Amino acid sequence: MADSKQFAEAVARRVNGPRRPRPLIEMQGIRKSYYIGQPNELEILHGIDLKVYPGEFVAIVGESGSGKSTLMNIIGVLDKPTQGTYILDGVNIHEARDNQLAAIRNQKIGFVFQTYNLIGRQSALKNVELPMLYAGVPGGERARRAKEWLTRVGMGERMRHQPNELSGGQKQRVAIARAMVNEPALILADEPTGALDSETSRVVMDLFHEMHERYHKTIVLITHNPALAQECQRVLTLKDGRIVDERKGGGARGAL
Amino acid sequence: MGLSNILENVIMALTSLKSNKMRSLLTMLGIIIGIAAVIAIETVGGSLTGSVTDSMSGMGVGNITVGLTQKSSDDTSGTSAGVTLRRFMDNTPGAEDLISDEMIGEFEETFADKIDRVELTREAGTATIDKYGDPDTTISATLTGTTPETLQNLEEDTPILAGRWLTDADEGKYLCVVSEKFVQQAIGTTNADAVGARVVLTVNGNPCAFYVAGVYKYVENEYASLFGAQDDDSIQTTIYIPLETARVLTGADEGYQNITVVTATGVDVTSFVDVVGDYFASYYTRNDTWTASASSISSLVESMTEMLDTISLGISAIAAISLLVGGIGVMNIMTVSVTERTREIGTRKALGAPSSAIRLQFITESIVLCVIGGIIGVILGVSMGSWLSSLIGFAAKPSISAIVIAVGFSMGIGVFFGYYPANKAAKLDPIDALRYE
């Protein structure tokens, strides 16, 4: 039995090349329509096929109106596709109910938004603790891990500060710590440098590279900035709801 | 949801309320006023009831008064024709209508184990006398005829200072027992010298001479001061005279319009009243116009308490309206809060908050808001109630149960009026919420 299984695997390796791990994101024929059944029914995504493997740093670029926000919402399981299958880390999203989707977002995805979206009137520490609160991590452990991640993003000195006492770059660093703290499989960043000047953007991008290289995180970066996308390993171009181009990124930093 | 998460929610709620201090306070106002009113009313009501019960028990809670009352027009007992007209015309009972000594004797025999004694008194009107050393001023006193047995029981509250109380041997004689105040005002001697003195009282316009048999201690009626300060001259004390003497003075028939039954200790007065009433009424089944009925201070206290309870209930209803309005205010402000924090809700959902967590967060905030309002209301109500009952003059005791109910009720308001906005927050679509400007 064991021998025949090993043999079969060996054959498969020969045929398919080196065995690749299971994709983290596996999308097939994803379509998304709005106003379904109404005269102004509108299809935004026209069948997206996408595979992202663990440890990849992928950029999705596109003009505004290309459907990249819609795609991001679907990747981030904030929204369900109208058609097609989406399997995230082995979980079929179609079968998940609202509470399960919340748990998936909590456990598997770390969001970084253009507008930081830190909770006002709560310290950086409390903000970073938030995903763990919803994961049911006990209080002491929450504080310990939140401090650890704030220190890793260089915000160890300012963890008692409230968001309105922090600069944009500092806020985004807190947001990255918050995205990382539950050790998610995927970091989903939506225009993370969109509201920052180029110098701060550099710092934030370097932080993403660090998360990728040092902590081996899978990162999907959504941007309209081609130079920024060029830093990633793989660049997908979205246009009118279709992936029109896929190429390897340069990986060179300093695009900004 | 563990305890720490609930604590986390409470801290979150406090942070949020603290950042909008003025708004939170204004929102709480309805709850504060409502709860404060309920607690204050409760305290004042308790104080009033206590004060009433207290003053009435001084008058004898164990006493049952049996008195003649006119039969009502729909009472079909009685025999003669033209009863209704006679009832209408006849408003003083005749000699044959009064409670007789025989009735009392039979009553005392029947209920020997239930009653302590029967007190008989007969009011002989107001007697006047010139003030000592000042003939232009007159002093008045209440002339009460009573039995020696009744007088003996006064000894406890108003002890005799000189001389003696009246005895059976004094029956029909013109002897009296007066208060020390009366001695000071009308006789002008020491208490000891007043014994044996002759006083001429004007009773119903006729002068009438009495000899003083004893002087009793004057005790100021503490409730008299409620009706304004009195000067010494206007203080009216009671002059006790023998029962028969009083009857002769007034020219009244034998028998009594009222008698007081003092129950033995341990008798349930409230139920015994009806027995006594029925017993005496049975003598009057054939009487056309009159019957006897019994009442007691306890039943009076009961009806007073009932009345106070009704008033409390009425004011509580008004307070309930204030709480309702307050609750709607909470709902309004929570709805505003949810709208203001749409992005926050979106973010929380993106970070993996299930709908139930969002709902709990906002309900907690609403509860915290209401409970803080409730606690402020309780503090305000207790201090207001204590102040008011100090005015009434009876120590207030705000009941713990009322406070617990008040705080619990405000918590209930929080849940009830917080549910709709919280549910609205929980149902927000994360994408729309994140995009909200």
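At-a-glance table
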quantity: Subset of segment B:135-172 (residues that are surrounded by fewer than 20 Cβ atoms within 10 Å (Cβ to Cβ), of a type in the set (A, V, I, L, M) and in a strand (DSSP E or B)); calculated: B:Ile160, B:Leu161, B:Ala162
quantity: Condition check for B:Ser383: away from chain A (no Cβ under 14 Å) and more than 20 Å from B:Gly30 (Cα to Cα); calculated: no
quantity: Sole exception among (1) buried (at least 17 other Cβ atoms within 10 Å of the Cβ); (2) under 32 Å from the mean Cα position of the chain (by Cα) for B:Val219, by number; calculated: (1)
quantity: Among (1) within 10 Å of chain B (Cβ to nearest Cβ); (2) small (Gly, Ala, Ser); (3) over 26 Å from A:Asn164 (Cβ atoms), the one test that A:Ala96 misses; calculated: (1)
quantity: Number of the condition not met by B:Glu344 [criteria: (1) of a type in the set (Asp, Glu); (2) at pLDDT below 80; (3) closer than 30 Å to B:Phe416 by Cβ]; calculated: (2)
quantity: Qualifying residue in segment A:226-235 (condition: modelled with pLDDT of 90 or more, part of a strand (DSSP E or B) and surrounded by fewer than 19 Cβ atoms within 10 Å (Cβ to Cβ)); calculated: yes
quantity: Residue check, A:Glu183 closer than 30 Å to A:Ala135 by Cα and either assigned to a strand (DSSP E or B) or out of contact with any helix residue (DSSP H, G or I) (no Cβ under 7 Å at 6 or more places or on another chain) (or both); calculated: yes
quantity: Failed item in (1) in a helix (DSSP H, G or I); (2) under 30 Å from the mean Cα position of the chain (by Cα), with B:Phe394 passing the rest; calculated: (1)
quantity: Helices (runs of 4 or more DSSP H) (entirely within segment B:1-99) containing at least 1 residues that are at pLDDT 85 or above and over 30 Å from B:Ser299 (Cα atoms); calculated: B:3-18, B:21-58
quantity: Single residue of segment B:211-240 satisfying the filter (among the hydroxyl-bearing types (Ser, Thr, Tyr) and assigned to a loop (DSSP other than H, G, I, E, B)) that is modelled with the lowest pLDDT; calculated: B:Tyr223
quantity: Selection within segment B:182-199 - part of a strand (DSSP E or B) and surrounded by 13 or more Cβ atoms within 10 Å (Cβ to Cβ); calculated: B:Val199
quantity: Filter result (within 18 Å of A:Gln122 (Cβ to Cβ), charged (D, E, K, R) and buried (at least 16 other Cβ atoms within 10 Å of the Cβ)) within segment A:152-202; calculated: A:Arg158, A:Lys171, A:Arg173, A:Arg178
quantity: Subset of segment B:347-360 that is in a helix (DSSP H, G or I) and crowded, with 23+ Cβ neighbours inside 10 Å - its residue that is farthest from the other protein chains (Cβ to nearest Cβ); calculated: B:Ile358
quantity: Residues within segment B:329-346 that are without any contact (Cβ under 8 Å) to a residue 60 or more places away in the chain and facing chain A (nearest Cβ under 7 Å), tallied; calculated: 1
quantity: Cross-chain or 6+ apart pairs with Cβ under 6 Å, segment A:86-104 first and touching a residue at least 12 places away in the same chain (Cβ under 8 Å), then exposed (fewer than 12 other Cβ atoms within 10 Å of the Cβ) and not in a helix (DSSP H, G or I); calculated: none
quantity: Residue selected from segment A:163-175 under the condition within 13 Å of chain B (Cβ to nearest Cβ) and either of a type in the set (A, V, I, L, M, F, W, C) or on the phi > 0 side of the Ramachandran plot (or both), by the criterion farthest from the chain's Cα centre (by Cα); calculated: A:Val174
quantity: Residue list for segment B:390-401, restricted to those being more than 9 Å from B:Gly46 (Cβ to Cβ) and surrounded by 12 or more Cβ atoms within 10 Å (Cβ to Cβ); calculated: B:Ser390, B:Ile392, B:Gly393, B:Ala395
quantity: Among residues of segment A:114-151, those that are within 10 Å of chain B (Cβ to nearest Cβ), surrounded by 17 or more Cβ atoms within 10 Å (Cβ to Cβ) and in a helix (DSSP H, G or I), counted; calculated: 9
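Residue-wise test of (1) of a type outside the set (Gly, Ala, Ser); (2) touching a residue at least 60 places away in the same chain (Cβ under 8 Å); (3) more than 28 Å from A:Glu141 (Cβ to Cβ).
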site: A:Gly168; (1), (2), (3): no, no, yes
site: A:Leu186; (1), (2), (3): yes, yes, no
site: A:Pro192; (1), (2), (3): yes, yes, no
site: A:Ala195; (1), (2), (3): no, yes, yes
site: A:Glu199; (1), (2), (3): yes, no, yes
site: A:Leu221; (1), (2), (3): yes, yes, yes
site: A:Gln233; (1), (2), (3): yes, yes, yes
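The values are calculated or read from the model by the stated rules, or taken from the named source; none is laboratory data. Predicted, not measured: the structure shown is a model, and the values here were computed from it. Glycine gets a Cβ as well: all are built from the backbone with ideal geometry, and neighbour counts include every protein chain shown.
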